[in-house]
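Below is one structure; the comments refer to it alone.
The values are calculated or read from the model by the stated rules, or taken from the named source; none is laboratory data. The structure displayed is predicted, hence computed values, not measured ones. Because the Cβ atoms are built from the backbone with ideal geometry, glycine has one as well, and the counts that use them run over all protein chains shown.
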Amino acid sequence: MAALKITPRLHNPERCRNESEVESKFIVCYLLPALGYPPESWHQEVTFGRFRLDFLAVADPKPRFRSQLQIVIEAKHPNQNLKRHRYQLREYLKELNIRYGVLTNGKALQVYEMQGLEMKLLLQIPGKKVASHIGELREAIGRNSLIKKALIRKPVKPLSFVQSTESKKRNTTQDLSKMKTIAIYHNKGGVGKTTTTINLAAALSKQGKRILLIDLDSQANTTFAMGLVKFQDELHDTIIDSYVYHVLRDKNKAKISEIVRTSDFCKEPIDVIPSHIDLMQQEDELKQLAPALTRLFYKLKEVEDSYDIVLIDTPPSLNLYAKIAIVTADYMLIPSDLKPFANEGLRNVRRFVSEIDEFREAMGGRPPIQLLGVLASKISTAYKFVEHTLPKMKEVVEAQYGFPLLNSHIFERRDISAAVERTIEVGDIDIPDPISVIDYKPRSPSAEEFKALGLEILSLI
Ligand SMILES: Nc1ncnc2c1ncn2[C@@H]1O[C@H](COP(=O)(O)OP(=O)(O)O)[C@@H](O)[C@H]1O
Ligand SMILES: [Mg+2]
């Protein structure tokens, strides 16, 4: 039986008296529902680096088609001329690589589409005629219509491991309340994996998600950054008897719930499975133990009612621990500074992931890991760089390496390292007291960037 389509009633948008009424009465109460966007598919006041969008609607979070399936909606005061805002809208669409844009002041509504570097006007409708043209609007930017168009249109360079038909089927019936596991991975070091993992954990926990963080890197940077190691000497080593190695080694002992520690890295407590420098030496032993590769995956099943999202920080390598992370996770996020070395590394990532996907299949039809995208991270804030070099770098990653980019950017800023390097004085010694950048400076650009990243990730998983 076809689902009953209920179109919300429209009061006259031309009667909106100010920008806020255009947003609430017209866009939120009428336009988004009429175009088929449920509340969880759009976000209001989204910040991406230096851009602040009034609305971002996401028709479908499938990574391959993402940029074709997003709409930026900008609301203006009724006495503002929409023409004057076209340039700004084009900047948003071009820089964030989003296909569709809508401008409205209540008196008129304009729909635009990026075609190459040009922004073309698709539709222009007077406010009072929107309801009678709703069919055309749905055809142009309605949720179902965009999904259909994206499925027909061939993606630029399909990634074999992004989504199999099998996982697409799974997605349509996916249980949104199910625990999701995300590996934060790149085989290059120093690109911001750990910084992304820990601050994303903070951003997501501030969205009310129950987070478990797993440190699979023997450098244990996440463990340090989460404040679980206060003194770096053997005498005070409280980790050595109980960390991720034990989870991987023992079948019936060392359950997640026994090894986990709670960190006060952010105001909301975050659970962490720590790592230890000894993990490096234990790789050979664990390699001999075949079940170690899948043990984390199975042990996480025991805690799937306790967490919403599991984040795994990985080593900058193609070693056993990186493999375990990719075997275990549902999704992968790739932080990258987008520089040539990091880009070259993407080829290794692709090869490595397809090998592990084969293994996942052999585990009993586990679907391939889903790529959320490359996250531009540690990006210089220099004006010239952001204006000229960054767009070209982003293009290279998509066009030459075939990896989709997230809309979010994490710029290189002092607050990020200052927050994680924070100390407190106890007597005459300084003790590490790291904190998330969101708690350190809640209104700073870095805090905003991580909050936006959190929202983007939530819209994708
Ligand atoms: N956005 C950023 N702004 C400032 N410093 C950063 C940023 N991202 C990472 N760093 C710093 O760069 C170094 C490497 O980052 P890290 O997250 O540890 O990378 P990875 O885990 O990929 O090796 C760390 O000292 C970290 O504090
Ligand atoms: Mg790291």
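Can you find, within the range 377-410, the residue that is nearest to ligand 2 (Cβ to nearest atom) among those that are within 19 Å of GLY454 (Cα to Cα) and in contact with a Lys or Arg (Cβ under 8 Å, 6 or more places away or on another chain)?
This residue is ILE410.
Going through the range 223-255 one residue at a time, which ones are within 22 Å of ALA329 (Cβ to Cβ) and within 15 Å of ligand 1 (Cβ to nearest atom)?
The answer is THR223, ALA225, MET226.
This table checks each residue for (1) outside the structural domain of PRO269 (by TED's automatic domain parsing); (2) farther than 14 Å from ILE198 by Cα; (3) among the charged types (D, E, K, R); (4) touching a Ser or Thr at 6+ places or on another chain (Cβ under 8 Å).
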site: GLU387; (1), (2), (3), (4): no, yes, yes, no
site: GLN400; (1), (2), (3), (4): no, yes, no, no
site: ARG414; (1), (2), (3), (4): no, yes, yes, no
site: SER436; (1), (2), (3), (4): no, no, no, no
site: LEU455; (1), (2), (3), (4): no, yes, no, no
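Within the range 392-414, which residues are in contact (Cβ under 8 Å) with a residue 12 or more places away in the chain and over 18 Å from ILE334 (Cα atoms)?
Hit for the range 392-414 is ARG413, nothing else.
Is it the case, given these coordinates, that ILE312 is crowded, with 20+ Cβ neighbours inside 10 Å, over 23 Å from VAL397 (Cα atoms) and either of a type outside the set (Gly, Ala, Ser) or within 16 Å of ligand 2 (Cβ to nearest atom) (or both)?
The answer is yes for ILE312.
Restricting attention to the range 102-115, does a residue exist that is of a type in the set (A, V, I, L, M) and either surrounded by fewer than 18 Cβ atoms within 10 Å (Cβ to Cβ) or not in a strand (DSSP E or B) (or both)?
There is no residue in the range 102-115 that is of a type in the set (A, V, I, L, M) and either surrounded by fewer than 18 Cβ atoms within 10 Å (Cβ to Cβ) or not in a strand (DSSP E or B) (or both).
State all residues of the range 298-334 that are free of Cβ contacts under 8 Å to residues at least 40 places away in the same chain and aromatic (Phe, Trp, Tyr); if no residue qualifies, say none.
Result: TYR298, single match.
Show me the strands (runs of 3 or more DSSP E) entirely contained within the range 393-461 in which 2 or more residues are over 19 Å from ASN97 (Cβ atoms).
Those strands (runs of 3 or more DSSP E) span 423-426, 429-432.
Residues are listed down the side, and each one gets a yes or a no for (1) touching a Ser or Thr at 6+ places or on another chain (Cβ under 9 Å); (2) farther than 15 Å from ASP278 by Cα:
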{"site": "ASP217", "(1), (2)": "yes, no"}
{"site": "ALA220", "(1), (2)": "yes, no"}
{"site": "LEU228", "(1), (2)": "yes, yes"}
{"site": "VAL247", "(1), (2)": "no, no"}
{"site": "ASP250", "(1), (2)": "no, yes"}
{"site": "SER257", "(1), (2)": "yes, yes"}
{"site": "THR262", "(1), (2)": "no, yes"}
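Give VAL420, VAL374 a once-over and let me know the one that is touching a residue at least 24 places away in the same chain (Cβ under 8 Å) and within 16 Å of ligand 2 (Cβ to nearest atom).
Criteria check complete, one pass: VAL420.
Here's a check for you: in the range 251-277, which residue that is surrounded by 15 or more Cβ atoms within 10 Å (Cβ to Cβ) and of a type outside the set (A, V, I, L, M, F, W, C) is nearest to ASP308 (Cα to Cα)?
Once the filter is applied, the top-ranked residue is ASP271.
So is ALA399 crowded, with 19+ Cβ neighbours inside 10 Å and either within 22 Å of the chain's Cα centre (by Cα) or not basic (Lys, Arg) (or both) or not?
When the stated conditions are applied, ALA399 does not pass them.
Would you mind stating whether ILE198 is within 16 Å of ligand 2 (Cβ to nearest atom) and either farther than 22 Å from SER377 by Cα or not in a helix (DSSP H, G or I) (or both)?
No: the conditions fail for ILE198.
Being closer than 18 Å to SER317 by Cβ and either free of Cβ contacts under 8 Å to residues at least 60 places away in the same chain or more than 13 Å from ligand 1 (Cβ to nearest atom) (or both) is the filter; apply it to the range 185-222 and report the residue that is surrounded by the fewest Cβ atoms within 10 Å (Cβ to Cβ).
ALA220
In the range 206-223, how many are near ligand 2 (Cβ under 10 Å from one of its atoms), more than 18 Å from VAL303 (Cβ to Cβ) and not polar (S, T, N, Q)?
Residues in the range 206-223 being near ligand 2 (Cβ under 10 Å from one of its atoms), more than 18 Å from VAL303 (Cβ to Cβ) and not polar (S, T, N, Q): 2 in total.
Looking only at the range 231-272, which residues are without any contact (Cβ under 8 Å) to a residue 60 or more places away in the chain, aliphatic (A, V, I, L, M), at negative phi and outside any helix (DSSP H, G or I)?
ILE239, ILE240, VAL260
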